[in-house]
1. At least 2 residues that are over 14 Å from residue 108 (Cβ atoms) and touching a strand residue (DSSP E or B) at 6+ places or on another chain (Cβ under 9 Å) in each: list the helices (runs of 4 or more DSSP H) lying fully within region 133-206 that qualify.
2. With the requirement that a residue be in contact with a Leu (Cβ under 6 Å, 6 or more places away or on another chain) and either β-branched (Val, Ile, Thr) or within 27 Å of residue 68 (Cβ to Cβ) (or both), what does region 20-53 give you?
3. Determine whether residue 134 is among the aliphatic types (A, V, I, L, M) and buried (at least 19 other Cβ atoms within 10 Å of the Cβ).
4. Please pick out the residue among 108, 34 that is under 18 Å from residue 17 (Cβ atoms) and acidic (Asp, Glu).
5. Is it true that residue 43 is under 27 Å from residue 182 (Cα atoms), of a type outside the set (Asp, Glu) and either free of Cβ contacts under 8 Å to residues at least 12 places away in the same chain or open to solvent by 70 Å² or more (accessible area, probe 1.4 Å) (or both)?
6. Can you pull out the residues in region 101-125 that are open to solvent by 30 Å² or more (accessible area, probe 1.4 Å), assigned to a loop (DSSP other than H, G, I, E, B) and either among the acidic types (Asp, Glu) or touching a Lys or Arg at 6+ places or on another chain (Cβ under 6 Å) (or both)?
7. Which condition number does residue 98 fail, the rest of (1) open to solvent by less than 30 Å² (accessible area, probe 1.4 Å); (2) part of a loop (DSSP other than H, G, I, E, B) being met?
8. Please specify each residue of region 129-141 satisfying the condition of being within 16 Å of residue 15 (Cβ to Cβ) and either among the aliphatic types (A, V, I, L, M) or over 12 Å from the mean Cα position of the chain (by Cα) (or both).
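The values are calculated or read from the model by the stated rules, or taken from the named source; none is laboratory data. On a predicted model such as this, the values are computed, not experimentally measured, just so you know. For neighbour counting, all protein chains shown are included, and Cβ atoms are generated from backbone atoms with ideal geometry for every residue, glycine included. Quick note on the areas: whole protein, heavy atoms, side chains included, nothing else; ligands and nucleic acids left out. Shrake-Rupley method; radii C 1.70, N 1.55, O 1.52, S 1.80 Å.
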Amino acid sequence: MTEPRVPRLSVDIVSDVMCPWCIIGWLKFRKVIDHFAGRLDFRVQWHPFELNPDMPPEGEDAAAHVMRKYGISAEQSRANTGRLAGIADELGFAFNRGPAFRMRNSFDAHRLLSWAGAIEEPEQDGPTGVQTALKLALFKAHFTDNRDVGDVQVLADVAASVGLDRNRAAAILGSGEFGDMVRTEEAYWADRNITGVPAFILGDRMLVPGAQDPDVFIRVIENKVLAAIA
C-alpha cells in the first residue's frame, strides 16, 4: 500500500536583488517551509521586479539614493539601515553596507535568474533549485560582499559559484538572451497589480505582500490551502 502523496504548493516570489526586504522575506519564509515539512511540498520560483529600472551602469550611492527616492534625512536613512541590519542578523544574514555601498542596475542579474529558472527540472526534489541558489548568492554578493552585481564579470563569477556554467553565463550576459523573458514577466506581474516587493503568490492565487512574519504565512496556508484539501 503506497502512502498518499503530499500536496504540492507553488510559491512564486516577485523580487529584486536590490531589495533588502526581499532577502529578509525569504529568510522568514524558509521557516514556513520547515514548519510544513511532511505536510506540504513547496516549489519555489523567482520572478523579476526592478526597483530602479533607470539606474545607470555606474549605480548610485545607496544612502543618497534612499534619501532622494523616499524624501528622508541622512539620520532617518541610517536608522532604517541599522534596523534592517538587525533584523537580517537575527535571521543569519549579514548586511555590510559600508560607505562605498551602491545601488545597482539589476536587469542582467534578472536575465541570469531567468536562465537558471528555465533549466530547473519542474518535478525536482526539494522546494528550491539552482535558481534559488543563484538568487541567494546574488543577495550575498550585493549586501554582504559589496560586489557590483551589475557587472557582467561579477555576475558570471556568482553564477559559477553555484555550479552554473560560467561560459554559458558569460555568453548570455554578452548577448540579449532572456531579456525579452524578463520584460514579459515584469509586465505580467505588473498586470496582476504587483507594485512592490517582495510579493509571495501561493498556489497561483493567494498574494501575501511584503516580508511578513512566518505566522502570517502559516495562517494563510492552514486556512486557505490545507483546509481546502482536508
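1. Values: elements: 152-161, 166-173, 179-191.
Result: 179-191.
2. Residue satisfying the conditions is 20 alone.
3. Numbers: among the aliphatic types (A, V, I, L, M): yes; buried (at least 19 other Cβ atoms within 10 Å of the Cβ): yes.
The answer is yes for residue 134.
4. On the way: 34 fails: under 18 Å from residue 17 (Cβ atoms).
Selected residue: 108, the only one of 108, 34 that is under 18 Å from residue 17 (Cβ atoms) and acidic (Asp, Glu).
5. Numbers: under 27 Å from residue 182 (Cα atoms): yes; of a type outside the set (Asp, Glu): yes; either free of Cβ contacts under 8 Å to residues at least 12 places away in the same chain or open to solvent by 70 Å² or more (accessible area, probe 1.4 Å) (or both): no.
Judged against the criteria, residue 43 is not a match.
6. 121, 123, 125 - these are the residues of region 101-125 that are open to solvent by 30 Å² or more (accessible area, probe 1.4 Å), assigned to a loop (DSSP other than H, G, I, E, B) and either among the acidic types (Asp, Glu) or touching a Lys or Arg at 6+ places or on another chain (Cβ under 6 Å) (or both).
7. (1)
8. To start, the set of residues in region 129-141 that are within 16 Å of residue 15 (Cβ to Cβ) comprises 131-141.
The answer is 133, 134, 136, 137, 138, 141.
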